[in-house]
1. Does E184 qualify as being in a strand (DSSP E or B), touching a residue at least 40 places away in the same chain (Cβ under 8 Å) and of a type outside the set (S, T, N, Q)?
2. Right, K149: of a type in the set (K, R), part of a loop (DSSP other than H, G, I, E, B), out of contact with any helix residue (DSSP H, G or I) (no Cβ under 8 Å at 6 or more places or on another chain) and on the phi < 0 side of the Ramachandran plot or not?
3. Pairs under 7 Å by beta carbon, first residue outside the structural domain of P81 (by TED's automatic domain parsing) and over 19 Å from K222 (Cβ atoms) in region 94-118, partner modelled with pLDDT of 90 or more and in a helix (DSSP H, G or I), six or more apart or different chains?
4. Would you please name the residue that is farthest from the chain's Cα centre (by Cα), looking only at residues in region 1-52 that are within 20 Å of K105 (Cα to Cα) and part of a loop (DSSP other than H, G, I, E, B)?
5. Just to be sure, is A38 surrounded by 12 or more Cβ atoms within 10 Å (Cβ to Cβ) and either on the phi < 0 side of the Ramachandran plot or not assigned by TED's automatic domain parsing to the domain that holds A163 (or both)?
6. Give the number of residues within region 233-263 that are assigned to a helix (DSSP H, G or I) and crowded, with 22+ Cβ neighbours inside 10 Å.
Amino acid sequence: MAAPKLPDYRMAGGIDRAVFQAEFASQFSKSARYSAAAMPDTLVLLGLIEADASINDVRWAAYILATTMWETTSPTTVTRPALNKKGQPLLDKKTKAPIILKERKWLMTMAPVDEVGHGKGRKYHEPVKVSVQADGSVRITEQDGDQFKVSAAGIVTALTKGAVMGTTDGGAATKSYDGDDGAEQAFYGRGYVQLTWWSNYAKAGVAIGRGLDLLTDPELVKSPEIAYALMSHGMSTGEGFANGHKFSQYFNGTATDYAGARRMVNGQDHAADIAAIAGKFEAILLKARRTQAAPAVVP
């Protein structure tokens, strides 16, 4: 018996937005986490994927979208009118205005987000002082007084004897910290795949060609372009957050391992859940992918 024919997984010809949006709603609208408000940000991300020459396999794109959906689903306050048993709006007895109810729900955003709790309880939660030096390096002063130098190439060296990165959450700041002239910055998780620790902001910025920009202005990580560059670089190369794991290990030829691919981000945490989402995105992309036009024949 002949083996079943595999889909053509090449990313070529672009994605039909109308088909993508219709299929997205079809696949996900029944989920309790679904939010139609996420579509504009989803299309921004889709455009970044299309423009990325390193993403040449539909499965890679599907896994980026699935990871983003999972990692950026966040608690969101939603409002709705209070209704009576007949489905009519309830009015405030005094003002006669409609009564509006607020509730917190976990909803997909598909946009770069902050870490819930900003890393509270972790050793990277407290802010540090960031001081740009004349030679282009940056001095980092932590609240316990430990200081470090970050070279323009992102290499970290200790300036104080026995310095160890990280401080106790909630601990008192030292005089050396309070007196430091650097700008105070916090390095909790941000992005599509959350970047944490000041040292990782430094190394990641250098890796994507931004130098120490992310160290001096960590909020840049919440821009879609930079959040995407960090995610794509890590998953394509295995560097940074990916800890040596990369797309080509999980998707090549006939091999498709959406569950195993979770190792690029966070071990096997919710691997099956994200794999199921990735499978849906694969189906969406295969349906929405335009056929690349054949090259013109030159007589």
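The values are calculated or read from the model by the stated rules, or taken from the named source; none is laboratory data. Just so it is clear, the model here is predicted, and its values are computed rather than measured. Every residue, glycine as well, gets a Cβ built from its backbone with ideal geometry; the counts of neighbours run over all protein chains shown.
1. In short, yes.
2. Taking the combined requirement at face value, the residue does not satisfy it.
3. none
4. K30
5. Yes; evaluated as a whole, the condition is true for this residue.
6. Final tally of qualifying residues: 5.
Conditions (1) aromatic (F, W, Y); (2) touching a residue at least 24 places away in the same chain (Cβ under 8 Å); (3) within 30 Å of V150 (Cβ to Cβ), marked per residue:
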{"residue": "Y201", "(1), (2), (3)": "yes, no, yes"}
{"residue": "A204", "(1), (2), (3)": "no, yes, yes"}
{"residue": "V221", "(1), (2), (3)": "no, yes, yes"}
{"residue": "F251", "(1), (2), (3)": "yes, yes, no"}
{"residue": "G260", "(1), (2), (3)": "no, no, no"}
{"residue": "G267", "(1), (2), (3)": "no, no, yes"}
{"residue": "F281", "(1), (2), (3)": "yes, yes, no"}
{"residue": "L285", "(1), (2), (3)": "no, yes, no"}
